[in-house]
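Q: Following this message is one structure expressed as structure tokens.
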Amino acid sequence: MKTFCLFFLIISSWSCSKKINQEVYVGYEPIMWNTDDNGNKTNTDFQNPSQKWFHRNILKIKNDSVFLDRTPLSIIGNKTLYSSSDGGFYYYKGIIIKENDETKIELTEIVCDYCPVEVSKNKNDTIPKRKLYGKITAEGIEINNVKINEKKDSKLLLISENIKEN
């Protein structure tokens, strides 16, 4: 009986201690909120033309789950300035879907701070949550046409990982 219990304990601890496979990637998405004299969208701040605005996209893949934090920042030369509200802080949670030799990513917004809110004229309408779609290929990861390929420390904890959905 002792041998059986010892065997059961070893097998149980081995199966419960599976290694979590996780990777973290970063990419920068221009925040195109200004229009230049030629009518082209730009991420340049006209009050400071050397300043460019971006969302820093930090993507964590943890087994078959995906988390994305999109935080605003601006870059002037080699200085990075972090915003307290400009551009909004978007947090997404999603899954990896494998089908037909393709690896796709589907993300749903779980929270957004300082973001524009869509309002319906009909108070009974339900506004669907924002979704983002992407893919993982041999060239890297792309979410809504934004490349997110720079690897970071896989132990980095994202805000979207800790948000409890309603």
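The values are calculated or read from the model by the stated rules, or taken from the named source; none is laboratory data. Fair warning: this is a prediction, and the values are worked out from it, not measured in the lab. Cβ coordinates were reconstructed from backbone atoms using ideal geometry, including for glycine residues, and neighbour counts include every protein chain displayed. Each accessible area value is taken on the protein alone, full model and side chains, heavy atoms only, with ligands, DNA and RNA left out. Shrake-Rupley method; radii C 1.70, N 1.55, O 1.52, S 1.80 Å.
Q: If R0 is 22 Å, what FRET efficiency do you get for Asn34 and Asn78 from their C-beta distance, rounded to 0.05? All intermediate terms of the calculation are to be shown ahead of the outcome.
A: Details: r = 22 Å, r/R0 = 1.01.
Between Asn34 and Asn78 the formula returns 0.50.
Q: Give the range of the longest stretch in the chain that excludes all trypsin sites (Lys or Arg not before Pro) found in loop regions by DSSP and having at most 15 other beta-carbon atoms within 10 Å. Don't skip to the answer; put the middle values down first.
A: Values: sites that count: Lys18, Lys19, Lys121, Lys123, Lys129, Arg130, Lys155, Lys164.
It works out to 20-120.
Q: Determine the sum of side-chain charges near Val66: Lys and Arg each +1, Asp and Glu each -1, restricted to other residues whose C-beta is under 14 angstrom from that of Val66. Kindly include the intermediate steps, with their values, before the conclusion.
A: Details: positive: Lys60, Lys62, Arg70, Lys93, Lys98, Lys104, Lys131, Lys135; negative: Glu23, Asp64, Asp69, Glu106, Glu109, Glu142, Glu161.
For residues surrounding Val66, the net value is +1.
Q: Tell me which residues come under 5 Å, amide H to amide H, from Ile31 once H is placed; ignore anything under 5 positions away on its chain.
A: Trp53, Phe54, His55
Q: Once you place label points 7 Å from the Cα toward the Cβ at Lys41 and Asn21, how far apart are they in nm?
A: The two pseudo-label positions are separated by 3.5 nm.
Q: Next question, about the same structure. Compute the angle between helix 2-16 and the longest alpha-carbon principal axis of the chain, please, reported from 0 to 90 degrees and rounded to the nearest 10.
A: 10 degrees
Q: Using DSSP to call loops (not H, G, I, E or B), can you name the chymotrypsin sites (Phe, Trp or Tyr not before Pro) in segment 53-137 whose Cβ has at most 13 other Cβ atoms within 10 angstrom? Working shown, then result.
A: Values: sites: Trp53, Phe54, Phe67, Tyr82, Phe89, Tyr90, Tyr91, Tyr92, Tyr114, Tyr133; in loops: Tyr114.
Answer by residue number: Tyr114.
Q: How many lysine pairs in segment 16-116, separated by 8 or more positions in sequence or lying on different chains, have Cα atoms less than 13 Å apart?
A: Working: Lys18/Lys62; Lys19/Lys62; Lys41/Lys52; Lys52/Lys79; Lys60/Lys93; Lys62/Lys93.
Pairs that pass both the separation and distance tests number 6.
Q: Computed from these coordinates, which is volume of the Cα convex hull per residue in Å³: (1) 222; (2) 357; (3) 119?
A: Checked against the structure: label (1).
Q: Go through Ile96, Thr137, Thr71 and say which Cα lies farthest out towards the positive end of the charge dipole of the chain; charges sit on Cβ, +1 for Lys and Arg, -1 for Asp and Glu.
A: Ile96
Q: Another question about this same structure. Can you give the extra length, in nm with one decimal, that the chain gains between Thr126 and Gln51 once fully stretched, where that is 0.36 nm per residue apart less the Cα-Cα distance?
A: Contour length minus the Cα-Cα distance gives 23.2 nm.
Q: Something else about it: Report the gain in length on full extension from Ser65 to Ser154: 0.36 nm times residue separation, minus Cα-Cα distance, nm rounded to one decimal.
A: Working: separation 89, 0.36 × 89 = 32.04 nm, distance 1.39 nm.
Working it through step by step, the gained length comes to 30.6 nm.
Q: Need the C-alpha centroid separation for segment 50-100 versus segment 112-128, integer Å.
A: 22 Å
Q: A follow-up question, please. Please report, as a whole percent, how much of the solvent-accessible surface of the chain comes from carbon and sulfur atoms (probe radius 1.4 Å). Don't skip to the end; give the middle numbers.
A: Working: 6220 of 11780 Å².
Summing carbon and sulfur atoms, their accessible area is 53 percent of the total for the chain.
Q: Looking at the chain as a GNM with Cα springs under 10 Å, which of Thr71, Thr108, Thr137 has the largest mean-square fluctuation?
A: Among Thr71, Thr108, Thr137, the largest GNM mean-square fluctuation belongs to Thr137.
Q: If amide hydrogens are placed 1.01 Å from N in the peptide plane, which non-local residues have theirs closer than 5 Å to the one on Ile97?
A: Long-range HN contacts for Ile97: Lys104, Ile105, Glu106.
Q: Taking R0 as 30 Å, what's the FRET efficiency between Lys164 and Thr103 from their Cβ-Cβ distance, rounded to 0.05?
A: Values: r = 27 Å, r/R0 = 0.91.
The calculated FRET efficiency here is 0.65.
Q: Taking the chain as a Gaussian network, Cα atoms linked when under 10 Å apart, which of Thr103, Thr42, Thr126 shows the biggest mean-square fluctuation?
A: Thr126
Q: Hey, got a sec? Which GluC sites (Glu not before Pro) in segment 71-166 land in a DSSP loop and have at most 13 other Cβ atoms within 10 Å?
A: Values: sites: Glu99, Glu102, Glu106, Glu109, Glu118, Glu139, Glu142, Glu150, Glu161, Glu165; in loops: Glu118, Glu139, Glu165.
Listed in order of number, the matching sites are Glu118, Glu139, Glu165.
Q: Dipole magnitude of the chain about its Cα centre, charges +1 at Lys/Arg Cβ and -1 at Asp/Glu Cβ only, in debye to the nearest 20?
A: About 660 debye.
Q: OK, next. Would you mind counting up the charge near Asn144? Only other residues with Cβ under 11 Å from its Cβ, with Lys and Arg at +1 and Asp and Glu at -1.
A: +3
Q: Mind telling me which of Ile143, Ile127, Ile75 comes out most flexible in a GNM of the chain, alpha-carbon contacts under 10 Å?
A: Of Ile143, Ile127, Ile75, the most mobile in the Gaussian network model is Ile127.
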